[in-house]
Structure formats: C-alpha cells, structure tokens
Amino acid sequence: MNRHIKDSLSRPLRDLRISVIDRCNFRCQYCMPAEIFDDKFPFLPKSELLSYEEIVRVSKIFAELGVKKLRLTGGEPLLRKELATLVAELVAIDGIEDIGLTTNGVYLEKHAEKLKAAGLQRVNISLDSLDDDLFKKMNGRGIGIGPVIRGIRAAKDAGLGVKVNMVVKKGTNESQILPMARFCKERNMTLRFIEFMDVGHTNGWQLKNVITKKELLDMLQTEFDVEPVEEEYYGEVAKRFRYKGTTTEVGFITSVSESFCSSCTRARLSANGSLYTCLFNGKGHDLKSLLRSGMADEELTDYIISLWNDRDDRYSDERVTGTVKGQEKIEMSFIGG
Ligand code: SAM
Ligand code: SF4
Ligand code: SF4
C-alpha cells in the first residue's frame with residue numbers, strides 16, 4: 001500500500017484496543033455482575049473470536065492509518081491461549097511503538113516473563129481494594145488479593161512497566177482510596193483512579209455512585225501534596241498528577257466528570273471482531289465478516305477510513321445528569337474498556 005492513507009483521516013487515529021476474549025475469571029459487580037454472567041451466559045465460541053492471524057491483519061491496517069499504540073484487553077486477556085505469540089507478532093508490525101495489556105493480574109505470575117520476552121512493554125493491573133474481604137466481594141468470585149499482588153510483583157520483576165487501575169464506586173470501596181494511594185506510592189507505581197462508568201446495561205450504574213476526580217483529589221490532598229503534570233500527547237486520556245518531590249504519578253480517568261470526546265483518538269475491536277468508534281456505542285461494525293469474506297486490505301482500509309471520518313461520537317460529552325436514555329450499548333467485558 002503506497003498511498004498516503006493517514007492523510008485521508010479527518011482526525012487522528014492513534015490507539016487501538018483489542019479485546020481478545022469475552023470470558024473472565026472474575027465477576028466484578030461493575031462490569032460482569034454474577035447474576036447476569038452466570039453458568040448459562042452465552043459466551044462466544046472460539047470460532048467467533050478473531051484468530052491471531054486476523055487480529056494481526058487488522059492491526060497492520062490500523063498501523064498504516066497511524067495507530068502507534070495497541071492495548072490487549074478483554075474479558076480477561078490472559079485466559080486466551082498463547083497470548084505471548086500474538087504479542088510477538090504485533091510487536092513486529094511497522095509503526096507499532098507500544099503494546100500494553102490490561103489484566104486483573106491473577107495469571108501474571110505465570111505469564112509475565114514470557115510476555116515481556118515477546119515484546120510486551122507494560123501492563124495495567126486492576127485492583128480495587130487492598131482489603132481482602134472487600135476484594136473477594138467485589139470480584140464476585142471470592143478471590144483474595146494474594147494472586148494479584150504476586151502478579152504485580154512478577155510483572156515488575158520481569159521488567160514490565162506497571163500501572164494499577166482502581167475503579168471507585170461510592171458505597172463500595174471509597175475506604176480503599178488512601179490505602180491504595182499509599183500502597184502504589186511506596187512502590188513507585190502509577191495509580192489511576194477510574195470513575196465508575198455507565199458502560200453496557202448490566203452494572204446498575206447510577207450517577208450517585210460516581211466519585212468524581214475532584215472528590216478523589218480532595219481526599220488525596222488530605223494526606224499528600226500533588227501537582228499536575230503536563231499532557232504528554234494530544235488525546236491523552238488520564239489527567240496526571242505527581243506526588244511533589246517524587247517521580248511517582250497518580251492519575252484520573254474522568255469519563256463522567258470531565259469528558260474528553262473532542263480529542264478521542266481511540267478505536268476498539270471487540271472480541272467477536274466488530275469495530276467500535278466509541279466505548280458507548282451499541283452497534284459495532286462487523287469487520288470479522290469482511291475479513292472472512294475475502295475482502296482485500298485496500299478495501300478494508302477504505303471502509304475503516306470512511307467509518308472513522310463519519311463518526312460523530314460524543315457520548316460522554318452528552319451524558320450530563322444521567323445515563324443517556326434509550327441507547328443500545330456494548331458491555332465492558334466484550335469491548336474491554
Ligand atoms: N479483565 C481485565 C481487567 O479487569 O483489567 C481487562 C478488561 S476490564 C473490562 C478493563 C478495565 O475496565 C479494568 O481496569 C476495569 O476495572 C475497567 N472497568 C470495568 N467496568 C468498568 C466500569 N463500569 N466503570 C469503569 N471502569 C470499568
Ligand atoms: Fe473481568 Fe476485568 Fe470485567 Fe473484572 S473488570 S469482570 S476482571 S473483565
Ligand atoms: Fe471517545 Fe466515546 Fe469515550 Fe467520548 S465517550 S471519549 S467518543 S469513547
């Protein structure tokens with residue numbers, strides 16, 4: 001392909017999130033409530049997941065369109081077999097500069113070294129509580145923090161960059177905000193507080209359960225001195241701060257209280273191969289059928305360009321007092337956050 005295809009985009013496309021599987025070993029209340037995602041839940045059969053070959057093909061097209069960062073997510077991405085093989089193939093794509101993984105960390109102890117050797121650069125590990133009982137309750141599977149802590153250690157020992165993600169839900173885990181901040185600061189790890197979001201339809205989201213960045217920052221400042229950090233690049237999602245006198249950062253994902261749709265440069269590929277131009281869309285664009293229909297890469301590229309140029313997503317900007325009514329939305333476990 002020798003056209004200057006990046007120039008055909010009306011706004012930049014920097015970042016692609018790839019959900020490699022819709023299954024998970026957890027049932028976090030805010031993502032896959034156990035009452036709904038039960039034994040009878042129709043998870044995707046393997047044939048409906050994009051194969052690694054298909055994921056690599058799509059990623060190459062996105063790299064030509066300007067994507068530099070890939071993030072593997074899920075469901076729980078470490079439930080997908082031989083993930084390191086996929087990482088190695090993605091690393092080899094021209095133009096891809098950064099590959100990350102978002103995981104609940106439970107299987108990292110087993111896989112961290114192999115993933116690092118394959119070329120993975122960093123991991124975001126989700127941990128919502130240091131209180132074992134609360135953590136067991138929140139993940140809906142009675143799994144304690146032990147395996148996650150060991151996963152964090154294994155990732156650091158393997159030389160992976162580690163950030164910790166904490167979803168904060170009012171009435172559930174606000175007691176953990178300061179303990180988590182201390183825990184991460186002492187280990188020089190970036191902690192990112194994520195505002196509880198109204199992704200999908202199953203997590204019972206209500207605005208009153210959101211603790212905003214402002215509230216979180218106020219709480220943090222009762223104990224720590226923090227200062228804002230300059231944005232590193234256009235479209236950066238986290239609002240970053242630094243503990244004064246250190247290099248350790250703490251960030252906020254403010255999808256509810258300070259939306260950032262106008263600078264959104266991220267596309268998402270769901271576990272069954274649909275492309276979403278917004279986390280809150282109900283309708284994806286079925287790339288898998290096109291990939292399997294024998295469509296040439298040039299045609300696929302044109303299709304993706306037209307989708308990206310036509311998009312006018314600004315869900316978070318429009319969400320003012322409550323979840324936008326009547327809109328079909330995809331579940332987080334399917335699209336991966
Ligand atoms: N299973 C992996 C994990 O938990 O890290 C990857 C997939 S998970 C869907 C990706 C991220 O989305 C996690 O950091 C998780 O905490 C976050 N998340 C899930 N549901 C959320 C919600 N309703 N609001 C905000 N963040 C959410
Ligand atoms: Fe699983 Fe991650 Fe969703 Fe929790 S947040 S249920 S670990 S996919
Ligand atoms: Fe991007 Fe949609 Fe999130 Fe807005 S709501 S920042 S358009 S993903």
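The values are calculated or read from the model by the stated rules, or taken from the named source; none is laboratory data. This structure is a prediction, so every number in the text was calculated from the model and none was measured. Using ideal geometry, Cβ is built from the backbone for each residue, glycine included, and neighbour counts are taken over all protein chains shown. In case anyone asks, the SASA skips ligands and DNA or RNA and just uses the protein heavy atoms, side chains included. Shrake-Rupley method; radii C 1.70, N 1.55, O 1.52, S 1.80 Å.
With a Cα cut-off of under 27 Å and a minimum spacing of 8 residues unless on different chains, the lysine pairs in segment 6-74 number 7. Anisotropy class assigned to segment 13-57 is oblate, per the alpha carbon gyration tensor with a/c at or over the 1.5 cut-off and a/b no larger than b/c.
Indicate the gyration tensor shape class of segment 63-191 (rounded, prolate or oblate), computed on the Cα atoms with a ≥ b ≥ c the square roots of the eigenvalues: a/c under 1.5 is rounded; otherwise a/b larger than b/c is prolate and the rest oblate. Cα axes put segment 63-191 in the prolate bin.
Rounded to the nearest 10 degrees, the inclination of helix 177-186 to the longest alpha-carbon principal axis of the chain is 80 degrees. Relative to the longest principal axis of the Cα atoms of the chain, helix 52-64 runs at roughly 90 degrees. Working from the Cα coordinates of segment 11-335, the gyration tensor eigenvalues give, after taking √(5λ), semi-axes of 29, 22, 21 Å in decreasing order. Its DSSP H runs of at least 4 residues, each contributing -39,500 (n - 2.57), put the calculated 222 nm mean residue ellipticity of the chain at -8500 deg cm²/dmol, to the nearest 500.
Nonpolar atom fraction for the chain, defined as the carbon and sulfur part of the 1.4 Å probe accessible area, stands at 49 percent.
For the chain, the longest principal axis of the C-alpha atoms and the axis of helix 297-310 are separated by about 50°. Placing unit charges on the Cβ atoms of the charged side chains and taking the dipole of the chain about its Cα centre, the candidate lying farthest along the positive direction among Gly159, Ile55, Gly74 is Gly159. Computing FRET efficiency as 1/(1 + (r/R0)^6) for Glu298 and Arg122, where r is the C-beta to C-beta distance and R0 is 25 Å, gives about 0.15.
Between Ser263 and Asp286, what's the calculated FRET efficiency when r is the beta-carbon distance and R0 is 25 Å? Round to 0.05. E(calc), rounded to 0.05, equals 0.35. The mean accessible area for residues of segment 167-215, using a 1.4 Å probe and ignoring ligands and nucleic acids, is 41 Å² per residue. Think of segment 11-335 as a dipole: +1 on every Lys or Arg Cβ, -1 on every Asp or Glu Cβ, centred on the Cα centre; then among Ser262, Tyr30, Leu307, Tyr30 lies furthest on the positive end.
On full extension, the segment bounded by Arg311 and Ser10 gains 107.4 nm, given 0.36 nm per residue less the C-alpha separation.
Among the cysteines of the chain, those whose beta-carbon sits 4.7 Å or more from every other cysteine beta-carbon are Cys24, Cys184, Cys261, Cys264, Cys278. With contacts taken as Cα pairs under 8 Å and at least 6 residues apart, segment 11-335 reaches a relative contact order of 20 percent. Dipole size of segment 11-335 about its Cα centre, with +1 on Lys/Arg Cβ and -1 on Asp/Glu Cβ: approximately 680 debye, rounded to the nearest 20.
Judged by the mean number of other Cβ atoms found within 10 Å, the most tightly packed of the peptides 187-193, 72-78 leads the ranking 72-78, 187-193.
As a calculated quantity, the FRET efficiency between Asp39 and Thr247 at R0 = 35 Å, using C-beta atoms, amounts to about 0.15.
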